[in-house]
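Throughout, read-outs are computed from the coordinates displayed, never taken from laboratory work. It should be emphasised that the depicted structure is a prediction, and the values quoted were computed from it without experimental measurement. Cβ placement follows ideal geometry from the backbone for every residue including glycine, while neighbour counts extend to all protein chains displayed.
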Amino acid sequence: MNVQLGSFLARFATDIKEAWINERRLNQEQRHIIHQKNKLMLVVFVTLLILDILTNLFIFPEIIPAILLTAGFGCALVAFFVLRPKLAKVGMYVTVCTSFIPFWVVAYLDKDIINFYFLSMPLIMSSLYNRILPILIASFLTCITLSFFYIDYSNIVFSNHLKVDVIYFILFSIFVTIFLLFSSRLTGSLLERAEKKEKQTSLELLSTKEYLEAYFNNTTDSIGVYDLNGTILKVNASFEKMFHVSEKDILGTETSFLSFTSANSLRVFLSKLKEQKQLSFELLTATKEENHIDLNITLTPVKDSGGEIIAFVFLMKDITDKKRTEEALMQSEKLSVIGELAAGVAHEIRNPVTVLKGFVHLLSKESREKEFFTIMDKELERINQITNEFMALAKPQAIKIKRQNLKELIQEVCIFLESEAFIHQVVMEVVHFEEYIWLECEPNQIKQVLINLIKNGMEAMPDGGKITIDTQVVDGYVNLVIKDEGNGIPEEVINKVGQPFFTTKEQGTGLGLMVSMKIIENHGGQLTIQSEEKVGSTVEILLPHMKVKVGE
């Protein structure tokens, strides 16, 4: 028992010591709280003063001047510190001590046991500060006051009691003090825990807010916040960049160029979001400048404290490149199937065509209608050409790679096409030509590509014109550019050029350009086409350059 009591007293002494240290180290927030409590104590003093005056006005009006003098002085003293927030700590102790003055005066003027009980009131009032030291000061003053008045008034008020009975009054004050100390400690602990939790929550909220703001401002995805009527409330920088708009120009307006943000669309979304947490969908839309883009859209509702949807957040990811890649992959798979099919079909067609050409040739010698056989022979040759292109597309060709000077290939092709260029009134001009530009290639295949591209240029200029052939070596690659002055290719079909069986020519097969692309690709190069209507087309070929030392 003695050990437990000693442990309790040791903890109590430690608490008193910590309280004393804490009293000396008040931060700005604690000082502000004490200042607010000083103001509250002033209000309590004034209220008690008014109630006391009203009560004594009918019972003991003769003591009112004394009450006004002492209580008024106390209120003025407390008000002095209340008006000075920096002196909040001093004001706390002054307020606790000052609160005894009116009760001392009342007890002195009216020697009644009721007023004697009121001497414990300042001790109870000191608990308002919820701090140990003010309670201890008030407890000390209460014990001294009770002892003084009990001994002084014992013959008048306490005639039936012994003077030693004052111990019970003091014990009562000590009990109240202990209760208030433990209550203060518990309340202080709870407040401290609540303050720590509040600070932690504030820091977490601040951190979350900063993170969300950083994500909102720096993400590459477009974010738009809309109200239920489709009015834009907030957009990020990526939204402005993607749709070529300025936030200040569109805030408070409707983005009419985005059909999915219209009021009607949002009403549909609203009904769906009552059953789902968010919506995701893909959509082809247009920017304000009418450029089409593919979007992956995630729609999330913003709800108020009652769970009602008050706004929408659209998270939009540009998947245009992804879509094009998927389309290219699908196209590649189609071509693979076509290639496998073409190999078998071409082989089956080639044999009977060869037989038919033989019989046509024999019959034409004995027939008078030779022109019909000539037409038949041309059409059979056309079928044979298509099957050859099919075979070139479908079957891996056994190519014989060797070192070749590009200048020689271009010269041979120009000589070969010279008569056809004359017929089409086309001039072939070679510019920026170096004497030696070496390639590792299969010469016949490269010539096939050049012939195909130059003939396409001629056919695109029915009224004649000029075809420019430009060659340069840039960063380890041979850059070969063939440019015509033809009608050009419409923008809506430029992406289809190179697909099987797609052609803009009446007599074309739609396979020549595709075969050319495959040949260049097999040589580790790249073929691209740019075209503008009524201006012409430009074909650019990139092939790896072969470095050859002088003398080799």
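The figures follow:
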read-out: 5 Å-binned pair-distance histogram of segment 219-318 (Cα, whole percent); value: 3, 13, 25, 28, 19, 9, 3, 1, 0
read-out: Segment LEU228-THR47, extension gain: residue separation times 0.36 nm, minus the distance between their alpha carbons; value: 59.9 nm
read-out: Over segment 33-143, volume per residue of the alpha carbon convex hull, in Å³; value: 83
read-out: Set LYS196/LYS248; LYS357/LYS483; LYS323/LYS518 screened for pairs whose C-alpha atoms are more than 31 Å apart; value: LYS196/LYS248; LYS357/LYS483
read-out: Whole-Å distance, taken between Cα centres, linking segment 450-467 and segment 216-247; value: 49
read-out: Solution diffusion estimate, µm²/s, Stokes-Einstein, segment 402-544, Kirkwood Rh from C-alpha pairs, 25 °C, viscosity 0.890 mPa s; value: 160
read-out: Nearest-0.05 FRET efficiency for LYS274 and LYS400, computed from C-beta distance (R0 60 Å); value: 0.30
read-out: Selection of trypsin sites (Lys or Arg not before Pro), segment 212-312, meeting DSSP coil and at most 14 other Cβ within 10 Å; value: LYS274, LYS277, LYS288
read-out: Full-extension gain in nm, PHE148 to VAL430, via 0.36 nm per residue minus C-alpha separation; value: 89.1 nm
read-out: Förster-model FRET efficiency, 45 Å R0, ASP321 and GLU379, C-beta, rounded to 0.05; value: 0.55
read-out: Long pairs among LYS241/LYS274; LYS209/LYS272; LYS199/LYS317; LYS234/LYS303, criterion Cα-Cα beyond 25 Å; value: LYS241/LYS274; LYS209/LYS272; LYS199/LYS317
read-out: Packing rank of 137-143, 530-536, 70-76, where each peptide gets the mean count of other beta carbons within 10 Å, highest leading; value: 137-143, 70-76, 530-536
read-out: Label-point separation, LYS466 to VAL302 (7 Å along Cα→Cβ), nm; value: 6.1
read-out: Net length gained if the chain between PHE73 and GLU440 were fully extended (0.36 nm per residue, minus Cα distance); value: 121.1 nm
read-out: Modelled FRET efficiency - R0 56 Å, GLN530 with THR201, Cβ distances, 0.05 increments; value: 0.40
